[in-house]
Each structure stands twice: as structure tokens, then as C-alpha cells.
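First up is the structure itself, then whatever we jot down about it.
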Amino acid sequence: MIHIVFQEADIEVLKKAQELDESLAGDVRIVRDDFAVGPIQNIYETEGYQARRDYWKTQIDYSPYNTEDLMHMVDDRLMVHNLKRSLDEDAKEEAWIWMGQNQHDVCGYYWLISQLKDYQGRISVLYLNNLPFINDKGQIFYPNSLHQILPKEFLKAKKLSRKVTLSEFEVDPDEWQKLMDENGAIRILEGGKKIVSKEADFYDKDILAGLTKEAQKGNRALQSILSKMKIKTGDVTLLNRMKVLAEEGLIELTGEPSKGWKEFDVKLKSATPTETEITTEANIQ
């Protein structure tokens, strides 16, 4: 059995679950790209693939992360190639796709499933869609990501496994094609597997709500923003939107983000006097 996840943190918790349940034994592989942001038009073609790599290079260059290391690490096309090879070499091999209720996982699922139609009957999906689990305090909660579940709770989660239907192999690639044609800057999950395209400024309100008039180090500012966000995205995406907001004069960003999360400060732009305020002040004088 081959397990496929979409977030790095999912790997560790799934491997711990495998130690508790031999029936979950199998190779764990990951789709690393976040298909919920950035260009996806013609993504399976050379031109579209290159446009997406160019997008990420620009985004990562502005961040503290090492661009070369990350760009080398994210090679999901190779992962799919190796997955197909494993399925071709062993007719009994199957793949389980583990998907949390968030746009990152669901977009990754759409990107992946559109390439696996030839393996219908051997691909299963486990979607944590509005399902209750028990957390480490013994309380019921509804996880939106796989890694939020305790390893022992995977014994319950595995019961959700079901084959991807022939109908889904028809409908889901069509839905992904629609999203590729829209080529929105941002994609969010509205419920079920419904993904909706949004404009590039979708997260700006969250950034502005998380900042104050007092300067904060980048790491602290991002922690504040992410803690308040209902729909979350990656730190690189937020940082690059901060850059745009600074260019638009809505926030102040000083320092060099590419050198580290603590190497820049960010705050709300100090309010400038309006024309009315200036006129009123002049009349008073």
C-alpha cells in the first residue's frame, strides 16, 4: 500500500499510526506544492509548469527560505511518475490519498487525481470532511488537517477509506480544469470538495487585522496574523502580500525579509492627515 499526503507534518503522525496498526503499513509519499495559490493554467504542460516554478521562485526569493533548496525539493511531477511506476510494476499495489478539510489538501487532490484515471479501482481516498475525533485532552473536535489527529485516532480514520469512483474520475478532473481555466491567484475551500477562485488580495484583510501601529518583528507579526485567520495560507504567501501592501502605502515594512523572519519589522501605516483635517486645523489657527 502507498499512502499519499499533502503536508509535511502529516508524514510523521501517519508513520506513528503505522507503528500502532500493521494494516496501515506502506510507503508514505507527499505532494509538496500548495496548489491553493499561484498560477495553475495549463499546469500539466511545459509552459504552465514553468510559469508556476517562476511564480514560486519570485515568492521564495523574497522570503528567508533558501530558494534553490526548496525548488529542488518540490518535484511533484517526479512523485507522480514514481507512483505510476509502482502501480504498473505491481498489479496488486494500491494507493490511499489522505485529505484534510482544507484548500491545500483538496487542491492537491484535484491536481493528483486528474493524472490517475488509468488506475481506477486501485485508488482510495480518506477525506476528513466534518468528522469528529478525540484530541489529546479527551475532547471532541473537528480537524481540518491530518496531522491534528492523534496517531491512535487513525484506527478510526482508516475506516473512512473508500475507492475513488468512476464518476469522480470523470467529474473531479473537470472541476480542476475549470479552476485551471479561471487561473485565480487564490483558491479556497467552501465546503465538501468545492474550491472557489479568489483575487490576489483575498488575505489582505487578515494581514491588516493582525498588525498594529507598533512595529513587530516579522516572525511575531506572522504568528499574530496566522493565529487569527479562519482560512489559513502559507507564510511565504502572506509575506509577499505584505510587500504589496507596503508598496501600496497601507503598511510599513522595513529591513530585509530575505535574511530572516526577525530581520524585518512591519506595522500599520501611520495615518496621514486628510485634506479636511488640514483645513480644519488651519481655520482653528
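The values are calculated or read from the model by the stated rules, or taken from the named source; none is laboratory data. Small disclaimer: the values here were computed from a predicted structure and weren't measured. FYI the Cβ positions are ideal-geometry reconstructions off the backbone, even for glycines, and counts take in every protein chain you see.
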In the range 1-44, what residues are free of Cβ contacts under 8 Å to residues at least 60 places away in the same chain, assigned to a strand (DSSP E or B) and either of a type in the set (A, V, I, L, M, F, W, C) or touching a Gly at 6+ places or on another chain (Cβ under 6 Å) (or both)? VAL28, ILE30
Mind checking whether some residue in the range 132-139 is among the polar types (S, T, N, Q) and at positive phi? no
Which listed residue is part of a helix (DSSP H, G or I), of a type in the set (Ser, Thr, Tyr), buried (at least 16 other Cβ atoms within 10 Å of the Cβ) and touching a residue at least 12 places away in the same chain (Cβ under 8 Å), from THR237, THR233: THR237
Enumerated strands (runs of 3 or more DSSP E) restricted to the range 99-206, each holding at least 1 residues that are modelled with pLDDT of 95 or more and in the same structural domain as TYR55 (by TED's automatic domain parsing): 123-127
